Structures are given as structure tokens and as C-alpha cells.
Amino acid sequence: MTVGRALGAGLLAALVLQPLIPLGGYRQYVLHVAIQVFIWSFIGSAWSLMGRFGLVSLGHGAFLGMGAYTSVLLWNFFGVSPWLGTLAGVAAAVGIAVVIGIPCFRYQVIGHYFGLVTLAVGEVIRLLIIAERDWTAGSLGLTLKAAGGDSLWALQYANKQVFYYASLAVLLAGLWVWHRLDRSMLRSALEAIGEDETAAASVGIRVTRLKLGVTVLSAALTALGGSLYAQYISYVNPDTLSGIGVSLKIVFAVVLGGMYSLLGPLVGTALTTALAEGLRIAFGLKFLGMADTIYGFLLVVFIIFLPSGIYGSLREAFRRRASPPAPAPAVPAKTTA
Amino acid sequence: MDPIFLVEAAINGILLGGVLALLALGLNLIFGVLDVVWIAYVDLVMLCMYAVYFVVTVWGWPFWVGAVAALALGALLGVSVHVLIISPILTSAPINQLLATGGLLFFLQSFATFLWTTDHRSVRLTLPSWEVAGIFLPATRLIPFGISILAVIGLYLFLTRTYIGTAIRAVSQDREAMALMGADPRRVYLVTSAVGGLMAGLAGTLLIFQYAVHPFFGGQFGPLTFMICVLGGLGNMVGAFVASFIMSEVIAVGGVVFSTEMGYVIAFVIFIVMMFVRPGGILTKRS
């Protein structure tokens, strides 16, 4: 993978040295798109920490909304710095993860039952945000109170470069966490749990504890991503930050890119964002819904024909070419679409 | 609070429960037989509602033509979803089927937005309304309730009295054994999907009596429908029927006592707790 490493290093250098790249008048727009991709792929890799081990959560919107709303509400009503607000949001998300996780894992709620329970949790948080409209302004959403100029205390900057580097750093940290887990013994244990819980428990793996640990980690990172996103957009809305819609969007971007590989969530998010932006620029608002139509269609095709995602499948193909005595792929890839 | 409001809410809950039961039974049939969750089920219902709207309001045909069109479309959609999406991945991880039908949900929602915009469209029906002891009973709620109860009975008779219905129940109990008995599971799957789609068409026809259709209609009833199925127990028809009325009562009465959102919150929390206490459904005992 030396070619891959070199490519990765080159890409990272280009991302870090972005102010040196001539972009003319498009810089603000490119930065905006890049920040969105960074934050959402960070959230996607947080999700895939669980998803790749068969813990498919359809309710990550709960954690996202918790992180975003906690920090925004604390700032707007009490003037608490988002630095502390984010911590509080992460703590709240971890609280939800523990309250839901312990009974789920103890009673072995797995597969689509787990998906449906988490989906219900995501909806409950969305509905609670709407119901508490005295605080949260309900479905109208809430605007972050302006601090009046740039402020490190309020984490508000007019300059997009600040958020660009902050979200890039957060994304790299997220990828590092993913990588660390991928290289640890815990990964094998979690994979064993994903295959067969009873068998895993019989060889001495602490099933409930490990599943809870990875859920808490995933929830905490997702809440952090939600809080960062809220600071950047400076507006929160229950329908875009919690509930079934955003929860499924997180899942699908990851599935499209590939949930079993480090860069899968990044590739998936970049592709879906590029598709949405490209169609918006090409057709304007005349073709409202067309981007998501193509996106939905691609998802179905991908799950049927390329279940390990675009990046995952490409990587498998390269690996197979690099090492001739290839192990049989888990799922036979078909070429007709 | 005036108790008459509670009584009215309770009656509305029962009437809503009838339609929810129809939605849940169609999905539960597929769920029980194929062990696949069609996340996009209520979006198929949404398409059938559009069919009724176009046939009746736009093209001016009588209502029964719209109903027949919706039923035919529903069955066709059911078969297409099975043949195009589910059958190629029937043997892969269950979560892939969930995600594939989730992709279909995105596709249908946004394609409907693209074709018909996000406007709310309704079929205007002039039907009478009765007042009994201060409680309004509109025909737009009573008729769908009556028809869906009849449809539920019809489905029950189909599953218990016909040969293919018995085969469907047999597959839902043991897939492998059924194949060993010489029955063709593929045919059973196809019939199940068609019947499930037909139920979606009927649900669409009945829902348009009271609700306006829009591309995001599925989000309004979708999560609730899956929860009713799971709450009732996978593939358990009687359980789903009972669960529909429990959920609809909680939503209707909770909506009046607290707020609409809190009604749903209570219903969802009941679902989550029941998943831990009675994972096999409300009618089973914990083993």
C-alpha cells in the first residue's frame, strides 16, 4: 500500500496547504463544501464504529441532536461557552447511550430489532425537542446567539478558514480513533460478537461491556460532531439534526462509501455531497428532489451489488490484484447493474 | 379537563387504530414470512394515495375506479419491490435488506417531490357526519374503520382457510422445513409480497379519506407502523392487531392530555420498554 500511502499523504498535504491553492472567487464556496464533508464524514466514521460490528443504529440523530442542542441552548440562555456546552452535550449523549445500551445488550436486542429500537430513540429525541418549544422554538429551529465578532470563548468566527482547520482536525482525530480500534484486540472481539454473541461469550469475551463501550464511544463522537456543526451553521433544527431523516442519511453515506474501511465514510460523504451540489449547480432548484432520487437509486443498487461500498470494493479489487493467491470475496461481485 | 374530550379522543383512537391495524398487518405479513423489514412500506402507501388523488380529483373518475387503481398499483409495487430489490439479497445479512428498502424510501420520497412537488393534496369527499351525545363521528373516519376491519377479517380468512394462505403461515414458522415439504418458497414469497402490496393499496385508499398526501407522508406513519409490528410480535397477526389499538389510544389520548408530540413520545417509549420486557411481542410470555 505504498502508492496508497503516498496518495493519502499528498491529499492530506493539499488539504492542509489549502490557502496556497489558487481558487479565485470560489474559495468561500469550496471551503463551505469541504467543512460540510469533514464534519459529516467524522459523524459517519463515528457511526461506523458501531455499524461495522453489526450494531446498526438507525437513531444516531438522537446523539447528534443532543450534542447540537445542548451546546446551543446553554450558550443562548446561560452564556455558557460552547467548549463546556460541547462537553455537556457529549455527556448527555453518553447518558442516552448508556440508558438505551444496557438493556439492549443485556436482553440481546440485535439485528433489525436493535435498528428499530434506536430508530424509536431518535424519534423520541426529535419529538421532545419539538415539544419543548418554549426553549427550542420547536420545528422553527433556533439561531445561535451572536457573540458580536470573532471569539474563541464563543467559538464563533466569520472566517471559514478557522472552521475548515477545526473540522479537518476533528476528522483526523476521528479517523485516528477508528484506526486505533481497528488495530486493537477489541476489534476481533467485537467482530466475534457481531458474528455470534453466544459463541463469543463462551470464549470469555465480555459481550455487554464491549458493546456498551463501543456504543458510548460512537455516541460521544457523534455528539461532538453535532455540536461542531451547530457552531459552524449557527442554526439548529430538529428535523435536520435528529430523527429518522438525518439518522438514515448518516447510515447511507457510510454504506455508499464502505463501512468496513477507514476512508469509506469520507468517500461516501464526499460523493453524496458532490452529487447534491453538482445537481444543484447544474439544474438549480427546478429539479428539486432529483439529487436525492439518484442518491436513493444508487443506494439500492450499491447494497445489492457492492455491499462493501465504493471505496471498500475498490480497495478489495486492488488488494486482490496485488496478492495473486486471493481469498474468495465474502460476497460475489456482479458487474451488471 | 372536560371528560367529553377524553371520550372523543378515545373514540378517535379506536378509529385511527383500525387504519393502523391495516398498515401494520400488511407489513407484518411480509415481516413474518420473509423476515425482511420494508422500511419503505408506508411510502408505497403514499404512492397509492397519489394514485387515488390523480384518478379521482385530477381526471374526474368515480372514487371506486381510484380505489381499484390504488389496489392494482399496490399489488404491482409489492411484487416489483420483491423481485427487484429483496430477492437478489434475500440470503445476505438482514441489515442489508433493511438498508436496501431504506434506499428505496429515499428514492420514493425524493422522486415524488421531483414529480409532484411538496404540495399537500387531498381528495374532497362530501360525506355526512353524525353527532352522538356531543361527540362528532364523521363518515370519513367511520367508513375507513369499517372497511379496514373487514379487510383484516378477510386477511385472516385468507391465511387460515386457503391453501396458499396456509403455505404462507407455514413458511413464516419454518423456512427450511417448508422447502423440504416440497412447497416452492419463491412462489410463497411472491404471493406474500403481492398481498402485502395490496394491503398497502387498500390502506392508501382509506387514508386519503382523512389525510392529505405529500411526498413525506411515509415519515408520519412509517416508524409507528414498524413499531406496531414488532410490539405485536414478528409475524403475529393478532398481536399486531392488538398493538395497533394500544398505540393509537396512547397517541390519541396522550395527544389531548399533553400535546401531539408527547402522545407520540409516550407511544415510542412504551415500544422501547416493551422491547426489553417482552421482545417476542405483547402476547407472548418471556422465556
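Any read-out appearing in this document is the output of simple, stated calculations on the displayed coordinates, not a laboratory observation. Note that the structure is predicted; figures quoted are calculated from it, not measured. For neighbour counting, all protein chains shown are included, and Cβ atoms are generated from backbone atoms with ideal geometry for every residue, glycine included.
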**Report entry** Once the Cα gyration tensor of the protein assembly as shown is diagonalised, semi-axes √(5λ) in Å
**Finding:** 40, 30, 25
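Would you mind calculating the gained length between residue A:198 and residue A:27 on full extension (0.36 nm times residue separation, minus the Cα-Cα distance), in nm to one decimal? Before the final figure, lay out each step's value.
Numbers: separation 171, 0.36 × 171 = 61.56 nm, distance 5.37 nm.
Full-extension gain reported as 56.2 nm.
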Report summary line: Percent of all Cα-Cα pairs per 20 Å bin for chain A, counting from 0 up to the last occupied bin, reads 29, 59, 12, 0
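Please compute the net charge surrounding residue A:264, taking Lys and Arg as +1 and Asp and Glu as -1 over other residues with Cβ under 11 Å from its Cβ.
Once positives and negatives cancel, what remains is +2.
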Report task. Please order A:145, A:211, A:160, A:249 by the number of other Cβ within 10 Å, starting at the fewest. Result -> A:145, A:160, A:249, A:211
Query raised in the report: Just the Cα atoms of the range A:88-198, one point each, no solvent: what log10 I(q)/I(0) does Debye give at q = 0.13, 0.15, 0.17, 0.22 Å⁻¹?
Result: -0.87, -1.05, -1.16, -1.26
Query raised in the report: With each run of n ≥ 4 DSSP H residues scored as -39500 (n - 2.57), what mean residue ellipticity at 222 nm is computed for chain A after dividing by its residue count and rounding to the nearest 500 deg cm²/dmol?
Result: -24000 deg cm²/dmol
Query raised in the report: In percent, how large is the relative contact order of the range A:1-112, given Cα pairs closer than 8 Å and 6 or more residues apart?
Result: 18
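Report the extension gain between residue B:64 and residue B:133 in nm, rounded to one decimal, defined as 0.36 nm multiplied by the number of residues separating them, less their alpha carbon distance.
Numbers: separation 69, 0.36 × 69 = 24.84 nm, distance 3.26 nm.
The span from residue B:64 to residue B:133 would gain 21.6 nm if fully extended.
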Query - For the range A:1-49, alpha-carbon Rg relative to the globular expectation (2.2 N^0.38 Å, N residues) - result: 1.39
Requested in this report: Rank A:258, A:111, A:312 by mean-square fluctuation in a GNM of chain A with C-alpha springs under 10 angstrom and give only the top-ranked residue.
Outcome: A:111
Query raised in the report: chymotrypsin sites (Phe, Trp or Tyr not before Pro) within the range B:31-137: which are DSSP loop residues with at most 16 other Cβ atoms inside 10 Å?
Result: B:59
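May I ask you to give the average projected area over all directions of the convex hull of the Cα atoms of the range A:210-326, in nm² rounded to one decimal?
Numbers: hull surface 40.2 nm².
If I average the Cα hull's projected area over directions, I get 10.0 nm².
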**Report entry** Cα-Cα separations in the range B:3-277 greater than 34 Å, expressed as whole percent
**Finding:** 17
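Taking the Cβ of each residue in A:40, A:153 as the centre, tally the other Cβ atoms inside 10 Å and list the residues starting with the fewest. Numbers along the way, then the final one.
Working: A:40 26, A:153 10.
In increasing order of surrounding Cβ atoms, one gets A:153, A:40.
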Requested in this report: Note down the relative contact order for the range B:3-277 as a percent, whole number, built from C-alpha pairs under 8 angstrom at least six residues apart.
Outcome: 39
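In the range B:177-221, what is the volume of the convex hull around the alpha carbon atoms, normalised per residue and reported in Å³?
Hull volume normalised by residue count: 93 Å³.
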Query raised in the report: Can you list the residues, at least 5 places off or on another chain, whose amide H is less than 5 Å from the amide H of residue A:156, using H built in the peptide plane?
Result: A:151
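Within 15 Å, Cβ to Cβ, of residue A:182, how many net charges do the neighbouring residues add up to if Lys/Arg are +1 and Asp/Glu are -1? Kindly include the intermediate steps, with their values, before the conclusion.
Values: positive: A:52, A:180, A:183, A:187, A:315; negative: A:191.
In short, +4.
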Query raised in the report: Near the amide H of residue A:235, under 5 Å away, which other amide H atoms are found, from residues 5 or more places off or on another chain, if H is placed in the peptide plane?
Result: A:144
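Taking the beta-carbon count within 10 Å as an exposure proxy, list B:214, B:120 from fewest neighbours to most. The partial results should precede the final answer.
Numbers: B:214 22, B:120 11.
Listed from fewest to most nearby Cβ atoms, that is B:120, B:214.
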Query - Rg followed by Dmax, in Å, when the range A:1-148 is reduced to its Cα trace - result: 19.3, 57
Query raised in the report: If eta is 1.306 mPa s and T is 10 °C, what Stokes-Einstein diffusion coefficient results for the range A:203-257, Kirkwood Rh from Cα pairs, in µm²/s?
Result: 120
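Under a point-charge model restricted to the Cβ atoms of Lys and Arg (+1) and Asp and Glu (-1), what is the dipole moment magnitude of the range A:26-240 relative to its Cα centre, in debye to the nearest 20? Please list the in-between numbers first.
Details: 13 positive and 10 negative charges, 69 e Å.
For this selection, approximately 340 debye.
Provide the net charge surrounding residue A:229, with neighbours chosen by a C-beta distance below 15 Å and charges set as Lys +1, Arg +1, Asp -1, Glu -1.
On the way: positive: A:160, A:249; negative: A:239.
Net of charged neighbours comes to +1.
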**Report entry** Between the range B:234-252 and the range B:68-104, the alpha-carbon center distance in angstrom
**Finding:** 24
